[in-house]
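Input: a single structure, listed below in C-alpha cells.
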Amino acid sequence: MKSFLKSAICMFALAAVACGGRKSEGPAFQDPHPLPEEPMVMRAASIGRYGGRFVLAETSGPKTFNAMMANETSSTDLTDQMFIGLANFDNGTQEETPFLAKTWEVAPDGLTWTFHLRKGAAFSDGHPITAEDVLFSFTVAYDEVVHPSVQDLLIMNGKKWEVTAPDPYTVVIKTPGPNAMVVSSASSVRIMPKHVLEAPFKSGNFVSAYNVSSPPDTIVTSGAWRVKQYVPGEKTVLTRNPYFFGIDTEKHRLPYLDELVYLVVPDQDAADLKFRSGEVDGIDNVKPENYRWYEDHQKEGNYTLHNLGPSLNTNFFWFNQNRVQKASPGKKVGDPQVDPVKYAWFNNPVFRRAVSLAVDREAMIPSIFFGDAVKNWSQSTPANKVWYSADVVKFDFNLAEAKKLIASLHWVDKDGDGFVEDTSGHTVGFNLKTNSDNKMRVSMANFIRDDLAKIGVKVNLVPVDFNTLIVNLREDFQYEAILLGLQSGVPPDPAMGQNVWRSSGKTHYWNMAQLSPETPQEARIDALMDTLVSTPDLEKRKAAWKEVQNIVNDQGWIVWLPTLNTKLPLRNRFGNTEPSVIPHRLIWNIERVYVKPSGAQP
Amino acid sequence: MRTYIAKRFLQVIPLLFGISFLTFLLLQLAPGDFLNQMAENPAISPATIDAMRRRFGLDQPWYFQYWLYLQNVILHFDFGESFSRHQPVFTVMREGLSNTLILAGAAAVVTWGLAIPLGVWAAVRQYSWIDKGLSLVAFVWLSIPEILSGLLLLMLAARTGWFPVGGMRSIDYDDLNGFGKFADVSWHLALPALVVGLVPLASRMRQMRGNLLDVLRLDFVTTARAKGLDEGIVIYKHAVRNALNPMITLFGYTLGALVSGSFIAEIIFSWPGLGRLTLDAILTQDQYLVMGSVLMASVVLILGNLIADLLLAIADPRISYD
C-alpha cells in the first residue's frame, strides 16, 4: 500500500509539472476600437498596463447572469461588474459618481431629475447605449410579472416614478414626492440591452433570459466586463467589454486585466488553502481566527492582509414585543405573542436598559473576536464615513448601574436561587435564540447568559437552524429574544434600512408591521424617517438619523453587540487595488487594477 | 430473464412514487421556504416576496403543488425549474451528475483495486504480520471520518504542492491538449478519490479475505491439493474465482451508494458534483431541485441493485431468474 501511494504520487507529480505552470503572457491587448465621444476618466493611483488576470474565491457560483433577476451575492458579485447604472457608488469616497450619466441635476421643485447620458457609450456588442435602453430597463423593473426586487426602491407610497426620454441622451425622472435617494435608487436599475432583451420580455421569457447556460456570446453587457466562460460549479471567467467607456488619465481604455475569474470554493478552509498555495489572489471572507496566520505569512506569500477597520455589519439582540395580528385559538388580536408576564418585562424600557448595561462587550472582544472588533451602537458603524456619529446615546457595561435599575423595579431574589423574581413572584429570565451555524453569535449568546446571571436574570440559550429562526421571527413569533445581525446595503444610507426602523416596517424586529405606532417614540421615529427619506439636504438628514439612533438606544429596543474588524488578504503583484469595507470589497474598482511588472514589487 | 427485468422495472414505479411523495412531504415539514432568506433583506418588501411566492406557486397548498408536480412529470416529463437559477432542474443536474460519477468511478477503482488483491494476500498469509498490519491500517482509515481525512490530505496538498488544493480542473485547463486535460483532471481526482475510496476498503478487504478462507476450507480445494496441483493454481485459478462470487453482488449494491457516498468529499475538495448541488438546494429550499436530485440518486440506487442481481446470474450459472 505504501509503495502504491508513493508511485501514485510520483505519477501525478509528473502530470503536475506538465500542467501546473502559469499561463504564458501573450501579446498585450491592443484596443481595436476608437474611444467613445465622451469617455469617462476613472480615478486611479497609477497608470496600469494590459494583461493578466485576477482570481477571486467565491463560496458558490452565479445562479443567473440576468442583473434584474439576481438576488444573492453569488450572482450580483458578477452582474454588478457586467451591468452598470446611471451613477456609480464610489467605495473610496462613499459618494455617487457619474457613470452612464455624465451629469444630473434636480429642478427647483425637488421632484424632476434630469440625467444626461454619455455620448458614444456602447454595449459589449458595439450597439450604442441610449435613453431607449434606460427606459426599457425601467419598464422591466416596474413589470408586475417579472417583479424584480429593485422595484421596491422605485415605488413611493404605492406610486411609480415617471421616467421619460426627451432625446436619446437625456432621461427625466419625475418622482411623486421629494426623495433623497433618487440617484442611488435609479442607479440600482441595471441597464440591459433593449435590442437583445425586448423580444424575450414581450414573450414573457425575460426571467429565464441570460441564465447561466446561455452561450457567453449572447450575453450582451453594459459594464466593463462580459462573460467569457462559465463552468458549472467550478468557475466563471469574465473578460473585458471592448466597448467600455471608462479610460485612465492617459486615454487607455479600461479594464487593464484580460480576465476576472470567480473560482467556486464552497468550503472556507479550502479557500484559505487555495490562497496559501497561490491559486487565488484574494479572499472576500476570512475567519477572524485565521487573521493571525495571514498576518504572520505576508512576506513569504507576497500578499498583504489589509486591515479595513470595523465592518458595516452589526450584531445585536432584541426582545419579542410583537402582538397577535391574526386571531387564532387561544389568542386574540392585540394579545402579546409572548407570555403576558414576560411581555410586561420586555415592554419595560428600564428592564431593557438594565440588560444592555449588564453586557460586558469589552470581555467579548478578546475571546470571541480575537481582539479584532469594536463596540458598536448603531446600524451606521464606524466604517460608515457619512452616517456614523460617535456620540449617540448608549448603555455600555456598568454592573452597578444595571443592578440599581433592577432594584428600582423591586425585583429581588427571594428564594435564594441566584435569580430575581418580579413583584408577582415569577423568576425573571428569557430564552435567547440564535442560528446555530454561526459560531460567533452562539459565543456572544453564551457571554450574555453569564453576564445577565450577574444581575439575577436567567438566560437559556437556544441555538436553532437558520430557517427555523427566520420562521420564528417572521411567521409564528415563537421566541422571547433573538440574537442576529444586519448587513448594510450599498450605499450604506440609513434610508435603505427604512423597513427596520419604521413602526410599520416588516423588519421592525421587536414589534413588526404595526398598523399605527404603538409608542410615542416610534411615532417620532416614523416622522424622522420621513424626513430622512424625502429631504435632499444632507445635514437635515444626518440630524434626523442621529435622533433615530438616540431614541432606539435610549429605549433599549436593540441591545447592540460588538462589530468585527474586517481584514482581507490580497496579493502584492496587483497595482491600484483599494480594498474597502463596502461590497464588493476587493473588486469594486477591478477595472482599474493591473498586474505590476515583475521585479517592481515592494 | 427478460420478464424478470420487466417485472423489476414495473416495481420501480410505485417505489419512485413513494420516494417523491415522502421527499415532498419532508420539504413541506421543514420550516420556511425558498424566500425566507430574501425576506431578511430590509431592502426587499413583503409585496415583492409575495409576488415571487406566487410566481413559484409556493402560495398554493402543498398537496396541490405536489399534484401539479406529478402531472408535469407524468404528462410532460417535466421535472420543474430551479427557483434560484430559473432553469429546468435537469439542465442544472446534468453536469453535476457526470462529475459525481467520475469521482465515484475513480473511488470504486481505488476500493476494489486495492480490496481484492489485499484481501487475497491477507487470506493466503492468514494471521501473519502482513494480515494483521493490513487490517490495522484499513481499520484505522475506516475510523477516521471523511471530513478529517479530507482536510488532512488537503493540507498535505497545500504544504507540499504535490496535488492541487481542491477543484476539478486547473485554471489553464482550456489551454491544454487532450492528454494534458486528462492528466489535469486525474491529478485533481487523486485525493478526493482516495478519501472516498479508502472508507469502504476495510470492510471489502475483510470480506474478500473471509470469502477466500471459507473457500479454501472446502473439499474441492483439498481435492485439488491432493491431486498435487501447484498451490498458485489452486488459489488463483480455483479458490479466488469461487470466492469472488459474493463480491460481485456486493459490487452491484455499492454502485448505488456511490452517488451518495461522495457528498462530503465533494464539498471539502470543491468538486463540482451533485452532492454540493443537492446540499445547496436543501439549504436554500430550492424544492424542485431537491426533488430532482433525490429521484436521480434513487434511480441510480435501484439500477445498481438490478445490475447486482443480473451480474450474479451471469457469474453463477446456478442462479436463474426464470
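A:L461 fails exactly one of the following numbered conditions: (1) within 30 Å of A:T73 (Cβ to Cβ); (2) surrounded by 17 or more Cβ atoms within 10 Å (Cβ to Cβ). What is the number of that condition?
Condition not satisfied by A:L461: (2).
For the stretch B:153-166, what are the residues that are among the small types (G, A, S) and more than 7 Å from chain A (Cβ to nearest Cβ)?
B:A157
Give the residue that is nearest to B:L101 (Cα to Cα), with candidates limited to residues of the stretch B:167-205 that are of a type in the set (F, W, Y) and more than 7 Å from every other protein chain (Cβ to nearest Cβ).
The selected residue is B:F182.
Considering every residue within the stretch A:470-481, establish whether at least one is closer than 27 Å to B:F34 by Cα, without any contact (Cβ under 8 Å) to a residue 24 or more places away in the chain, touching a Pro at 6+ places or on another chain (Cβ under 6 Å) and within 13 Å of chain B (Cβ to nearest Cβ).
Yes, that holds for at least one residue.
For the stretch B:68-106, give me each residue that is within 14 Å of chain A (Cβ to nearest Cβ) and of a type in the set (G, A, S).
Correct list: B:G80, B:S82, B:S84, B:G96, B:S98, B:A106.
Where residues in the stretch A:256-278 are more than 9 Å from chain B (Cβ to nearest Cβ) and aliphatic (A, V, I, L, M), which of them is nearest to A:F54 (Cα to Cα)?
In this case the residue turns out to be A:L260.
Run down A:T531, A:T519, A:T507 and say which single residue is over 26 Å from A:K326 (Cα atoms) and hydroxyl-bearing (S, T, Y).
Checking each option against the conditions leaves just A:T531.
Just the residues that are more than 27 Å from A:G485 (Cβ to Cβ) and either within 9 Å of chain A (Cβ to nearest Cβ) or surrounded by fewer than 17 Cβ atoms within 10 Å (Cβ to Cβ) (or both), please, taken from the stretch B:16-44.
Answer for the stretch B:16-44, where residues must be more than 27 Å from A:G485 (Cβ to Cβ) and either within 9 Å of chain A (Cβ to nearest Cβ) or surrounded by fewer than 17 Cβ atoms within 10 Å (Cβ to Cβ) (or both): B:L16, B:F17, B:G18, B:F21, B:L22, B:L25, B:L26, B:Q28, B:L29.
In the stretch A:480-572, which strands (runs of 3 or more DSSP E) lie fully inside it and hold 2 or more residues that are surrounded by fewer than 22 Cβ atoms within 10 Å (Cβ to Cβ)?
Fully inside the stretch A:480-572 and qualifying: A:481-486, A:563-571.
Restricting to the stretch A:25-57, and then to whatever is acidic (D, E) and farther than 24 Å from B:I171 by Cα, can you tell me which residue is nearest to the other protein chains (Cβ to nearest Cβ)?
The selected residue is A:D31.
Tell me, which residue of the stretch A:209-220 that is in contact with a strand residue (DSSP E or B) (Cβ under 7 Å, 6 or more places away or on another chain) and under 24 Å from A:A141 (Cβ atoms) is farthest from the other protein chains (Cβ to nearest Cβ)?
Ranking the candidates gives A:I219 first.
Please state which one of B:I102, B:I144, B:I130 is more than 28 Å from A:L56 (Cα to Cα) and under 20 Å from the mean Cα position of the chain (by Cα).
It is B:I144.
Residues that are within 25 Å of A:E38 (Cβ to Cβ) and either within 14 Å of another protein chain (Cβ to nearest Cβ) or not charged (D, E, K, R) (or both): does the stretch A:151-164 have at least one?
yes
Yes/no per residue for (1) in contact (Cβ under 8 Å) with a residue 40 or more places away in the chain; (2) closer than 30 Å to A:K439 by Cα; (3) not small (G, A, S):
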{"position": "A:L528", "(1), (2), (3)": "no, no, yes"}
{"position": "A:D537", "(1), (2), (3)": "no, no, yes"}
{"position": "A:V548", "(1), (2), (3)": "yes, no, yes"}
{"position": "A:N565", "(1), (2), (3)": "yes, yes, yes"}
{"position": "A:K596", "(1), (2), (3)": "no, no, yes"}
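Given the stretch A:338-391, what helices (runs of 4 or more DSSP H) lie entirely inside it while holding 1 or more residues that are more than 22 Å from A:Q555 (Cα to Cα) and out of contact with any Lys or Arg (no Cβ under 9 Å at 6 or more places or on another chain)?
A:361-368
Assuming B:D131 fulfils every condition listed in (1) in a loop (DSSP other than H, G, I, E, B); (2) among the charged types (D, E, K, R); (3) closer than 25 Å to B:I248 by Cβ apart from one, which condition is it?
If we test B:D131 against (1) in a loop (DSSP other than H, G, I, E, B); (2) among the charged types (D, E, K, R); (3) closer than 25 Å to B:I248 by Cβ, just (1) comes out false.
Each row is one residue, and each column tells you yes or no for (1) buried (at least 18 other Cβ atoms within 10 Å of the Cβ); (2) modelled with pLDDT under 95; (3) among the hydrophobic types (A, V, I, L, M, F, W, C); (4) on the phi < 0 side of the Ramachandran plot.
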position	(1), (2), (3), (4)
A:D417	no, yes, no, yes
A:T423	no, yes, no, yes
A:L432	yes, no, yes, yes
A:D437	no, yes, no, yes
A:M444	yes, no, yes, yes
A:D451	yes, no, no, yes
A:D465	no, yes, no, yes
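Across the stretch B:45-67, which residue is nearest to the other protein chains (Cβ to nearest Cβ) among those that are assigned to a helix (DSSP H, G or I) and charged (D, E, K, R)?
Going through the qualifying residues, I end up with B:R55.
Only one residue in B:G232, B:G228, B:G275 is surrounded by 19 or more Cβ atoms within 10 Å (Cβ to Cβ) and either of a type in the set (G, A, S) or assigned to a loop (DSSP other than H, G, I, E, B) (or both). Which one?
Result of the check over B:G232, B:G228, B:G275: B:G275.
Look at the stretch A:221-255 and say how many of its residues are of a type in the set (G, A, S) and within 11 Å of chain B (Cβ to nearest Cβ).
1
Is there a residue in the stretch A:354-361 that is more than 31 Å from the chain's Cα centre (by Cα), under 19 Å from A:L473 (Cα atoms) and of a type in the set (A, V, I, L, M, F, W, C)?
No; the residues of the stretch A:354-361 include none that is more than 31 Å from the chain's Cα centre (by Cα), under 19 Å from A:L473 (Cα atoms) and of a type in the set (A, V, I, L, M, F, W, C).
A quick yes/no check of all residues on (1) in a loop (DSSP other than H, G, I, E, B); (2) under 30 Å from A:A327 (Cα atoms):
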residue	(1), (2)
A:H410	yes, no
A:K414	yes, no
A:N431	no, yes
A:S443	no, no
A:E475	no, yes
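Is there a residue being under 24 Å from the mean Cα position of the chain (by Cα) and acidic (D, E) anywhere in the stretch A:503-518?
Looking through the stretch A:503-518, none of the residues is under 24 Å from the mean Cα position of the chain (by Cα) and acidic (D, E).
Would you mind finding the one in B:F64, B:F79, B:F90 that is aromatic (F, W, Y), surrounded by fewer than 18 Cβ atoms within 10 Å (Cβ to Cβ) and within 14 Å of B:Q287 (Cα to Cα)?
B:F90 is the lone residue from the list that is aromatic (F, W, Y), surrounded by fewer than 18 Cβ atoms within 10 Å (Cβ to Cβ) and within 14 Å of B:Q287 (Cα to Cα).
Taking the stretch B:280-296 as the search range and keeping residues that are within 14 Å of chain A (Cβ to nearest Cβ), over 15 Å from the mean Cα position of the chain (by Cα) and within 24 Å of B:L255 (Cβ to Cβ), which one is surrounded by the fewest Cβ atoms within 10 Å (Cβ to Cβ)?
Residue satisfying both the conditions and the ranking: B:I282.
Taking only pairs six or more apart or across chains, which ones have beta-carbon atoms under 6 Å, a first residue in the stretch B:259-287 that is within 14 Å of B:G166 (Cα to Cα), and a second residue that is outside any helix (DSSP H, G or I) and small (G, A, S)?
Once the first residue is within 14 Å of B:G166 (Cα to Cα) and sits in the stretch B:259-287, its partners that are outside any helix (DSSP H, G or I) and small (G, A, S) give B:E266/B:G273; B:F269/B:G166; B:S270/B:G166; B:S270/B:G167; B:P272/A:G233.
Residues that are of a type in the set (G, A, S), at least 3 per element: which helices (runs of 4 or more DSSP H) completely within the stretch A:115-221 meet that?
So the answer is A:131-142, A:182-187.
The values are calculated or read from the model by the stated rules, or taken from the named source; none is laboratory data. The structure displayed is predicted, hence computed values, not measured ones. With ideal geometry, Cβ positions are generated from the backbone for all residues, glycine too; neighbour counts draw on all protein chains shown.
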